[in-house]
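What follows is a single structure, written as structure tokens, with notes after it.
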Amino acid sequence: MSYSQKQSTVAFGQAVIGPPGSGKTTYCLGMQEFLSAIGRKVAVVNLDPANEGIPYQCAVDISELITLADVMENLKLGPNGGLIYCMEYLEANLDWLQEKLAQFKGHYFLFDCPGQVELCTHHSSLRNIFAQLAKWNFRLAAVHLVDSHYCTDPGKFISILCTSLSTMLHVELPHINVLSKMDLIEQYGKLAFNLDYYTEVLDLSYLVDHLATDPFFKNYQHLNKKLVEVIEDYSLVSFVPLNVQDKESMQRVMQAVDKANGYCFGDAEHRSLQALMSAAVGADFHFTSTLAVQEKYVQPQEKTVEQETMDV
């Protein structure tokens, strides 16, 4: 009997993905505590074979099946090749994952995924695993975390826009892009524009013009313009700001994910008319919340970086 036949109800959850160091494991810990506090039964599934010293209570751990250290030692592979092998091995042994997940009927799932970018932009194993989970009656939303301090560097911001777009097209799940570590956003520099410019990915031509003021990027202006055109042509990428230690911030992310994976339409918890109508008509206005985030984490300044550059 298949897993979908054993389980009559739909299972909801999040596939937490993103580059190394973006805060995936910390997010899983914070979201587990937050969801548990509001009454959800949460099961965290660690799919990262390189994840050591897991801080959260782990329901299913891929290290019981395979570890990166063992692969690197026995097959003489590097960390990147080893991670790809681990994901291919998991894909070939999905019956193990099916058996483990069957023990947590009625739970909300958080899948802590590996941080290797290629797994979400080029390689097919992780996407195939998500597709199999869908066949097992899982309704997942991809939560793609990127470090918010990249917003302070226009060149890096364009690169994470390209990475986010490529990930959205490859993973093939309902998708929420998250700017993590908002409390550290100006640790490496000042923002050239208001925060909503980055979260809503507004007219990127201003970003290209700002890059042109840098002697290094001036030689790549045509390339940057073409990359920006691709991003704007798809018009898919936007971000939700997140500070894991802020309950209001966690709630905004949770609401966005619940809308993406359909949890807010289910009967697992109390639903308000406002939440249902907002999801139904797409009335999701982020300006007020983004302004509050900017006031909390971004230091006010008399002139923006763009204005200061123009003055020079």
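The values are calculated or read from the model by the stated rules, or taken from the named source; none is laboratory data. Model, not experiment: these values are computed from the prediction. Glycine gets a Cβ as well: all are built from the backbone with ideal geometry, and neighbour counts include every protein chain shown. Just the protein is used for accessible areas: all its heavy atoms, side chains included, with ligands, DNA and RNA removed. Shrake-Rupley method; radii C 1.70, N 1.55, O 1.52, S 1.80 Å.
Being over 17 Å from the mean Cα position of the chain (by Cα), crowded, with 22+ Cβ neighbours inside 10 Å and over 25 Å from A102 (Cβ atoms) is the filter here; which residues of segment 17-63 pass it?
none
Could you run through segment 50-66 and say how many residues are modelled with pLDDT of 95 or more and part of a loop (DSSP other than H, G, I, E, B)?
Within segment 50-66, residues that are modelled with pLDDT of 95 or more and part of a loop (DSSP other than H, G, I, E, B) number 2.
Show me the strands (runs of 3 or more DSSP E) found entirely inside segment 105-182 where at least 2 residues are within 28 Å of K225 (Cα to Cα).
Those strands (runs of 3 or more DSSP E) span 138-147, 175-180.
If I filter segment 162-192 down to residues being over 14 Å from C120 (Cα atoms) and small (G, A, S), which single residue comes out as surrounded by the fewest Cβ atoms within 10 Å (Cβ to Cβ)?
By that ranking, first place goes to G189.
Are any residues in segment 72-84 more than 27 Å from the chain's Cα centre (by Cα) and assigned to a helix (DSSP H, G or I), and if so, which ones?
M72, E73, N74, L75
Can D246 be described as surrounded by fewer than 18 Cβ atoms within 10 Å (Cβ to Cβ), modelled with pLDDT under 85 and charged (D, E, K, R)? Reasoning before the result, please.
Working: surrounded by fewer than 18 Cβ atoms within 10 Å (Cβ to Cβ): yes; modelled with pLDDT under 85: no; charged (D, E, K, R): yes.
Criteria not met by D246.
Which of the residues spanning segment 221-243 are more than 20 Å from L169 (Cβ to Cβ) and either acidic (D, E) or surrounded by 15 or more Cβ atoms within 10 Å (Cβ to Cβ) (or both)?
Result: N224, K225, P241, L242, N243.
Considering segment 137-161 alone, what residues qualify as being open to solvent by 40 Å² or more (accessible area, probe 1.4 Å) and touching a residue at least 40 places away in the same chain (Cβ under 8 Å)?
Residue satisfying the conditions is R139 alone.
Can you confirm whether I129 is closer than 21 Å to F109 by Cα, at pLDDT 90 or above, among the β-branched types (V, I, T) and surrounded by fewer than 21 Cβ atoms within 10 Å (Cβ to Cβ)?
yes
Restricting to segment 142-164, give me the number of residues that are closer than 10 Å to G18 by Cα and charged (D, E, K, R).
Residues that pass the stated criteria total 1.
Just to be sure before I move on: is S180 at negative phi and touching a Gly at 6+ places or on another chain (Cβ under 8 Å) in the structure I sent?
Values: at negative phi: yes; touching a Gly at 6+ places or on another chain (Cβ under 8 Å): yes.
The answer is yes for S180.
Give the residues of segment 193-248 that are of a type in the set (S, T, Y), closer than 22 Å to S148 by Cα, assigned to a loop (DSSP other than H, G, I, E, B) and without any contact (Cβ under 8 Å) to a residue 60 or more places away in the chain, sorted by residue number.
Matches in segment 193-248: S235 only.
Taking the stated definitions as given, is I66 under 24 Å from Q132 (Cα atoms) and crowded, with 22+ Cβ neighbours inside 10 Å? Explain how you work it out, then say what you get.
On the way: under 24 Å from Q132 (Cα atoms): yes; crowded, with 22+ Cβ neighbours inside 10 Å: no.
It is false that I66 is under 24 Å from Q132 (Cα atoms) and crowded, with 22+ Cβ neighbours inside 10 Å.
Which of the numbered conditions does Y3 fail, given that it passes all the others? Conditions: (1) modelled with pLDDT of 95 or more; (2) over 19 Å from the mean Cα position of the chain (by Cα).
Tallying (1) modelled with pLDDT of 95 or more; (2) over 19 Å from the mean Cα position of the chain (by Cα), Y3 fails exactly one: (1).
Determine if segment 103-116 includes at least one residue that is more than 21 Å from G39 (Cβ to Cβ) and exposed (fewer than 15 other Cβ atoms within 10 Å of the Cβ).
no
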